[in-house]
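Working notes for the structure below.
The values are calculated or read from the model by the stated rules, or taken from the named source; none is laboratory data. Because the structure is predicted, anything quoted here is derived from the model rather than measured. Reconstructed Cβ throughout: ideal geometry from the backbone, glycine too, with neighbour counts over all protein chains shown. For the accessible areas, the whole protein counts, side chains as well, though only heavy atoms, and no ligand, DNA or RNA atoms are used. Shrake-Rupley method; radii C 1.70, N 1.55, O 1.52, S 1.80 Å.
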Amino acid sequence: TWGAEAEAEARGLLLRQLMAHCTMDEASAVALLGGTDSEVARLNLQMKNISIAGARTLARALERGARVRYLDLRRNRIRDDGAEALASALRRGARVDRLELDSNGITARGARAIAAAMAAGWDFDCLDLRGNDLGNDGAIALAAALDDGAKVRQLYLGSNSIGAAGARALAGALERGARVQALSLMFNEIGDAGAGAIILALERGEPKLSILDIQVNGVTKRARAWLCDRGFAAGVHTRA
């Protein structure tokens, strides 16, 4: 029928675009376009020079419903527009368990889009946003999503120029029971104020957090001693 032919043509076009824009091999592209009955264990697209156009193509493919257990887009250049496209796909039914977006030029705008997808009901086993430029505003947006009940088992926010304000927002979410088991904030700028806010949140609330990494954050020697007294040796803490 005409409808079936049009669908086949659209699928073929998307297949070619995935291979061109995302440098994806044909087998992976075919699996991704398999629909709701298809599952891809790992889609490794790190360091493929994927641009905004590639991210948008990938988002359209994800909307077809295949489940991707692990989508690795580290060290590309999808930027905020690409992050928004992927977040929109998640809100429309894309299924991704582990999403790695390390070093993609994403700012607070992209973080807000991802946070909106989280707040709309998408849960991540792991969300990796290291090496971007989220800043305090991005951290605050993610914290708000956690406050709204979003579940992220592992959240990596290292090297994002996050200061005390962002750390306080995350601390508030943790104190109120945010469903995060592991949080990494290493190589940021949270300082004594941010580190203290997180530790107090863990002491006062009933957090789900079991692993916290706040290494290299401008924390003073006095504050580090205070952290060590509470079990945070070298800025890393594992709760029993």
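Taking the Cα centre of the stretch 93-240 as the origin and placing charges on Cβ (Lys, Arg +1; Asp, Glu -1), which of Ser159, Gly196, Ile106 is farthest toward the positive end of the dipole?
Comparing the listed Cα positions along the dipole, Gly196 ranks first.
Please report the antiparallel percentage of DSSP beta bridges with both residues in the chain, rounded to the nearest 5. List each step's numbers first, then the result.
Details: 3 of 28 bridges.
Counting only bridges with both partners in the chain, antiparallel ones make up about 10 percent.
Work out the charge dipole of the chain with +1 on the Cβ of Lys and Arg and -1 on the Cβ of Asp and Glu about the Cα centre, then indicate which of Leu62, Met47, Leu86 is farthest towards its positive end.
Of the candidates, Met47 comes out farthest on the positive side.
Enter the accessible area per residue of the stretch 63-155 (Å², integer; probe 1.4 Å; all protein chains in place).
35
Output the relative contact order of the stretch 40-174, whole-number percent, from Cα pairs under 8 angstrom with separation of 6+ residues.
In percent, rounded to a whole number, it is 21.
Using 0.36 nm per residue, how much length does the chain from Thr23 to Arg95 gain when fully extended, once their Cα-Cα distance is taken away?
My answer for the length gained is 23.8 nm.
Could you check how much of the accessible area of the chain is carbon and sulfur, as a whole percent, using a 1.4 Å probe?
Details: 5210 of 10730 Å².
Carbon plus sulfur share of accessible area: 49 percent.
Which length gain, in nm to one decimal place, applies between Val30 and Asp148 when the Cα-Cα distance is subtracted from 0.36 nm times their residue separation? Let's see the in-between values first.
Working: separation 118, 0.36 × 118 = 42.48 nm, distance 3.59 nm.
So the extension gain works out to 38.9 nm.
Between Arg75, Arg230, Arg95, which gets the highest mean-square fluctuation from a Gaussian network model of the chain, Cα cutoff 10 Å?
Highest fluctuation among the options: Arg230.
Given an 8 Å cut-off on Cα distances and at least 6 residues of separation, report the relative contact order of the chain as a percent.
Values: 568 pairs, mean separation 27.2, N = 240.
Reported as a whole number, the value is 11 percent.
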